[in-house]
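J.: Take a look at this one; I'll ask things after.
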Amino acid sequence: MPHPTYSVIVPCYNEEAVLHETHKRLTNVLSQMDGPYEIVYVNDGSRDKTPDILRELAENDPHVRALMFARNAGHQMAVTAGLDYACGDAIVIIDADLQDPPEVIPEMAAKWRNGAQVVYGQRRKREGETAFKKFTASAYYKILSWLTDGFAPRDTGDFRLVDKKAADVVRGMPEHARYLRGMFAWVGFRQEPVLFDRDKRFAGETHYPFKKMFKFAMDGILSFSFKPLKFITWLGALGILASGVTLLVLLILLCCGVPGGLWWLAMLMMGCTGAVLCALGVTGEYIARIYDEVRGRPLYIVADAIGFESEEE
Ligand code: UDP
Ligand code: MG
């Protein structure tokens with residue numbers, strides 16, 4: 001096998017119903033590409049015939065690599081493993097269920113050839129998903145975009161093509177709570193969208209029930225925004241301010257001979273709660289710093305270093 005230009009990572013969890021079709025459609029597209037390719041299937045601890053199918057595909061097709069997880073570790077970990085093993089110059093991440101159409105890959109590759117380093121698939125519309133999922137997804141992306149000051153692109157999942165350079169940076173990010181779409185946005189480089197229509201699942205059913213979806217959504221927010229902590233501090237400050245204003249009003253009233261009654265208690269409570277919230281917020285800021293240090297993200301990312309001697313040149 002020549003060194004692959006393209007690596008395609010396909011995370012698979014109980015996908016026996018779709019894998020043959022997925023492989024067929026991927027092969028159709030990839031065999032027309034302008035460079036050699038490999039397909040890295042990652043079996044994420046499936047309990048159905050997925051591992052057998054992958055073994056069979058690997059036996060019959062030299063382009064196929066298969067990683068078998070010892071247990072289910074989750075979609076993001078499956079993609080992470082795929083990234084670690086893929087050796088292409090351009091790496092594509094795609095779902096196994098054909099919701100991300102492989103036919104979009106050549107368009108992504110064309111943008112990559114033109115210099116884009118992260119080409120992300122942006123959904124034009126969602127087929128076959130419930131109104132609830134559409135609504136929650138759209139609301140979530142809006143909130144996430146606000147919390148992260150707009151760096152995370154909307155309606156973007158994990159379907160994307162990344163240049164080796166960008167992939168290397170993400171490979172070097174050892175954080176455990178992995179929200180890959182955020183990480184790929186975070187690394188920077190030249191990012192470009194490709195619009196596509198997200199299809200229905202080809203067969204089988206989603207492995208992202210609400211609970212898992214919710215956890216994943218929280219990962220996205222907590223890994224990329226410390227704003228929730230700031231809210232606590234602001235809320236506390238607001239309590240102290242309200243308490244101060246109430247105190248002032250009560251003192252004026254007292255001078256006029258009005259006793260104020262239970263308002264004194266209310267004033268004290270607002271003040272105390274405010275102080276406690278502020279203290280929590282400040283503690284939180286330190287925890288945020290610990291979190292930042294502990295996850296060990298790169299301090300800066302160099303896209304090009306010009307005029308230095310390098311081994312390649
Ligand atoms: N997947 C995985 N491990 C899991 C859950 C899902 O590798 O624990 C894979 C799954 O096989 C599919 C992709 O991740 O290729 C997306 O999952 P799914 O289609 O169930 O999610 P949805 O598209 O409904 O959000
Ligand atoms: Mg799916």
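J.: Applying the selection to the range 184-221, what residues are among the acidic types (Asp, Glu) and within 29 Å of Ala90 (Cβ to Cβ)? Talk me through it step by step, then tell me what you get.
T.: Going through the range 184-221, the residues among the acidic types (Asp, Glu) turn out to be 192, 197, 199, 205, 219.
Matches in the range 184-221: Glu192, Asp197, Asp199, Asp219.
J.: Which pairs turn up if I take residues in the range 206-224 that are at pLDDT 80 or above and look for partners that are of a type in the set (S, T, N, Q) and open to solvent by less than 30 Å² (accessible area, probe 1.4 Å) with beta carbon separation below 7 Å, at least 6 apart in sequence or on another chain?
T.: Phe224/Thr148
J.: Under 8 Å between Cβ atoms, which residue pairs at least 6 apart in sequence (or on different chains) link something in the range 82-110 that is away from ligand 1 (no atom under 16 Å from the Cβ) and open to solvent by less than 20 Å² (accessible area, probe 1.4 Å) with a partner that is among the aromatic types (Phe, Trp, Tyr) and in a helix (DSSP H, G or I)?
T.: Short answer, once both residue conditions are applied: Ala90/Trp112.
J.: Filter the range 202-214 down to the residues that are farther than 11 Å from Glu15 by Cα and either within 10 Å of ligand 1 (Cβ to nearest atom) or among the β-branched types (Val, Ile, Thr) (or both) and list them by number. Even if it seems obvious, please write down each step before you answer.
T.: Quick first cut of the range 202-214, residues farther than 11 Å from Glu15 by Cα only: 208-214.
Answer for the range 202-214, where residues must be farther than 11 Å from Glu15 by Cα and either within 10 Å of ligand 1 (Cβ to nearest atom) or among the β-branched types (Val, Ile, Thr) (or both): Tyr208, Pro209, Lys212, Met213.
J.: While we're looking at this one, here's another question. Got a number for residues in the range 258-294 being assigned to a helix (DSSP H, G or I) and over 30 Å from Arg178 (Cβ atoms)? Let's see the steps before the verdict.
T.: Kept after step one, since they are assigned to a helix (DSSP H, G or I), are these residues of the range 258-294: 263-294.
Remaining after also requiring over 30 Å from Arg178 (Cβ atoms): 263-279.
Matching residues across the range 258-294 total 17.
J.: Another question about this same structure. Please state which one of Gly182, Gly172 is under 21 Å from Pro228 (Cβ atoms) and touching a residue at least 12 places away in the same chain (Cβ under 8 Å). Lay out the reasoning, then the answer.
T.: Working: Gly172 fails: under 21 Å from Pro228 (Cβ atoms).
None of the others qualify; the one that does is Gly182.
The values are calculated or read from the model by the stated rules, or taken from the named source; none is laboratory data. The model shown is predicted, which means the values in this text are computed figures rather than measured ones. For neighbour counting, all protein chains shown are included, and Cβ atoms are generated from backbone atoms with ideal geometry for every residue, glycine included. The protein model used for the area step is the full one, side chains on, heavy atoms only, and it has no ligands, DNA or RNA in it. Shrake-Rupley method; radii C 1.70, N 1.55, O 1.52, S 1.80 Å.
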